[in-house]
1. Does the range 1-18 hold any residues that are within 45 Å of the chain's Cα centre (by Cα) and of a type in the set (A, V, I, L, M, F, W, C), and which are they?
2. Any residue at all in the range 30-43 that's modelled with pLDDT of 85 or more, in contact with a Phe, Trp or Tyr (Cβ under 9 Å, 6 or more places away or on another chain), assigned to a loop (DSSP other than H, G, I, E, B) and surrounded by 15 or more Cβ atoms within 10 Å (Cβ to Cβ)?
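The values are calculated or read from the model by the stated rules, or taken from the named source; none is laboratory data. A quick note: this is a predicted structure, and the numbers were derived from the prediction, not measured. As a convention, Cβ positions derive from the backbone with ideal geometry for all residues, glycine included, and neighbour counts pool all protein chains shown.
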Amino acid sequence: MFNPFEELQARLIRVETLLYDVLSIIAPAKALQEKERLGGIDLAIQVTGLAKSTIYNLASEGRIPHMKRGKKLYFSYTELENWIREGKPQLLQNLQSMPDYQPDESSRSLLPQPQNS
């Protein structure tokens, strides 16, 4: 005897499979698009976890990758990410030597932690 629910279940499985295939194509493209985005100071704060004043100081000294158009600074997500990866130890040393450096919660995790003996 024909069971319509079995047919519905088979079609539902096919739809789920197609949806999964579509999402597996879209998700990497969206992630790539996210990494290629440009933004202002808020993007730099989000990516680096540094304070706004620290980012402005690093940009004025040419120590952080940025672009300037008029009076506005622009940052590339990918360039900031690479900058962090390439110079994490040097970055921390440079930041700690800056007189106005105040790490926020997210950048504190990058600092060397005292050893408990």
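1. Of everything in the range 1-18, those that are within 45 Å of the chain's Cα centre (by Cα) and of a type in the set (A, V, I, L, M, F, W, C) turn out to be Leu8, Ala10, Leu12, Ile13, Val15, Leu18.
2. No; the residues of the range 30-43 include none that is modelled with pLDDT of 85 or more, in contact with a Phe, Trp or Tyr (Cβ under 9 Å, 6 or more places away or on another chain), assigned to a loop (DSSP other than H, G, I, E, B) and surrounded by 15 or more Cβ atoms within 10 Å (Cβ to Cβ).
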